[in-house]
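The values are calculated or read from the model by the stated rules, or taken from the named source; none is laboratory data. Here the structure is a predicted model, which means the values were calculated and not measured. So basically every Cβ, Gly included, is an ideal-geometry build from the backbone, and we count neighbours across all protein chains shown. Accessible surface is based on the protein model in full, side chains and every heavy atom, while ligands, DNA and RNA are left aside. Shrake-Rupley method; radii C 1.70, N 1.55, O 1.52, S 1.80 Å.
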Amino acid sequence: MPDRAASRPPLDREALARASGWRFEVVAESPSTNADVAARFREGGQPGLALVAEHQTAGRGRLDRTWVTPARAALTVSFLLDPTGVPVGRWPWLPLLAGVAVVEAVRRSAPDVAAGVALKWPNDVLCADRRGDRKLAGVLLERVEAGGRAAAVVGLGLNVSQAADELPVGTATSLALEGVTVERTSLLLALGDELAARVAAWAAAGGEPDGVRSSYLPLCRTLGRQVRVQLPGQGTLEGEAVDVDRDGRLVVRTAEGERHVGAGDVVHVRQAM
Ligand code: BTN
């Protein structure tokens, strides 16, 4: 098999070092940038760090899944954030906010696919069209505490140049498979800008969700669909996804009335037939 990594350009470390807003660090390899950033925080690291791996070898996904990407084919990055002034009870909005930031960065960087880039609640980033929904990117948010301090690690995995045989499942996609060539450094800078600006606005509002919620709702493809929600254990609930409430929970209209489910309470949300 040809060495595909060799044909893929590396990130431009100098351009990233000049960026304002984040202290970008690029490493050749990391098992998991989320795990590394959490460790750095425990060792006294400060918010503002953005750790990027050219090759992430044991990436973690939501709900104990894995996140697999070949070298230089994707963006695998974790941002260390301290949403100062945002009460912990509002933090569940952070992964949804991060999803909005990814969508907007992709739309800016790849206008040809912009119209189809959307979110599946809570924060899967999709390319969606008549052919169906294909997952382009995912967000894993982890809270880390050390020495009386708390921070959030926002991990983003975004498929850029993978071929179909380099994706873990048939329902995944990459920007290349969607027909666009995007240079990873400028895409990463756009991601950093979108995330920083959105976190700053949200924190300035004390974590009040109205601003982020009004950005989120129009991007959320789950709304208006019939869904089957698998809850931990054997429970499921089925109905129409009608809203995302002020706590970031999905509101499902079932035969028994409206149910509000949080991302942490849900194993899967699937489209019901
Ligand atoms: C998901 O399951 O959709 C979330 C995937 C998140 C993957 C990213 S890649 C960078 C960061 N480091 C990790 O180990 N995971 C996240």
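State all residues of the stretch 188-203 that are of a type in the set (A, V, I, L, M) and either crowded, with 19+ Cβ neighbours inside 10 Å or more than 18 Å from Leu16 (Cβ to Cβ) (or both); if no residue qualifies, say none.
Here is the first cut: in the stretch 188-203, the ones of a type in the set (A, V, I, L, M) are 188-191, 195-197, 199-201, 203.
Residues satisfying the conditions are Leu188, Leu189, Ala190, Leu191, Leu195, Ala196, Val199, Ala200, Ala201, Ala203.
Output the number of the condition that Gly179 fails; it satisfies all remaining conditions of (1) over 17 Å from the mean Cα position of the chain (by Cα); (2) in contact (Cβ under 8 Å) with a residue 60 or more places away in the chain; (3) at negative phi.
(3)
Can you name every residue in the stretch 140-181 that is among the aliphatic types (A, V, I, L, M), part of a loop (DSSP other than H, G, I, E, B) and open to solvent by less than 20 Å² (accessible area, probe 1.4 Å)? Give the steps one after another, and end with the answer.
Step one: of the stretch 140-181, the residues among the aliphatic types (A, V, I, L, M) are 140-141, 144, 146, 150-154, 156, 158, 160, 163-164, 167, 169, 172, 175-177, 180.
Subsequent filtering for residues that are part of a loop (DSSP other than H, G, I, E, B) retains 160, 163, 167, 169, 175-177, 180.
Val160, Leu175, Val180 - these are the residues of the stretch 140-181 that are among the aliphatic types (A, V, I, L, M), part of a loop (DSSP other than H, G, I, E, B) and open to solvent by less than 20 Å² (accessible area, probe 1.4 Å).
Taking interchain pairs and intrachain pairs at least six residues apart, which have beta carbon atoms under 9 angstrom, with the first residue in the stretch 188-210 and over 12 Å from Val106 (Cα atoms) and the second buried (at least 21 other Cβ atoms within 10 Å of the Cβ) and acidic (Asp, Glu)?
As it stands, the answer is Arg198/Glu104, since those pairs meet every condition given.
Does any residue of the stretch 204-218 turn out to be assigned to a loop (DSSP other than H, G, I, E, B) and exposed (fewer than 14 other Cβ atoms within 10 Å of the Cβ)? Please lay out each step first, then the result.
Looking only at the stretch 204-218, we keep the residues that are assigned to a loop (DSSP other than H, G, I, E, B), and these are 205-209.
Restricting the remaining residues to those that are exposed (fewer than 14 other Cβ atoms within 10 Å of the Cβ) gives 206.
Scanning the stretch 204-218, I find at least one residue that is assigned to a loop (DSSP other than H, G, I, E, B) and exposed (fewer than 14 other Cβ atoms within 10 Å of the Cβ), so the answer is yes.
Just to verify a result, which residue in the stretch 71-96, among those that are polar (S, T, N, Q) and buried (at least 20 other Cβ atoms within 10 Å of the Cβ), is farthest from Gln46 (Cα to Cα)?
Let us first name the residues in the stretch 71-96 that are polar (S, T, N, Q), namely 76, 78, 84.
Checking the rest, the ones that are also buried (at least 20 other Cβ atoms within 10 Å of the Cβ) come to 76, 78.
Details: Thr76: 20, Ser78: 13 Å.
Result: Thr76.
For the stretch 1-55, how many residues are open to solvent by less than 50 Å² (accessible area, probe 1.4 Å) and farther than 20 Å from Gly155 by Cβ?
Taking the stretch 1-55 first, the residues open to solvent by less than 50 Å² (accessible area, probe 1.4 Å) are 5, 8, 11, 15-16, 19, 22, 24, 26-27, 30, 32-35, 37-39, 41, 44-45, 47-54.
From what is left, the residues that are farther than 20 Å from Gly155 by Cβ are 5, 8, 15, 44.
Number satisfying all stated conditions: 4.
Report those strands (runs of 3 or more DSSP E) wholly inside the stretch 11-107 carrying at least 2 residues which are away from the ligand (no atom under 13 Å from the Cβ) and either modelled with pLDDT of 95 or more or more than 19 Å from the chain's Cα centre (by Cα) (or both).
On the way: elements: 23-30, 49-56, 74-81.
Of the strands (runs of 3 or more DSSP E) lying wholly inside the stretch 11-107, those with at least 2 residues that are away from the ligand (no atom under 13 Å from the Cβ) and either modelled with pLDDT of 95 or more or more than 19 Å from the chain's Cα centre (by Cα) (or both) span 23-30.
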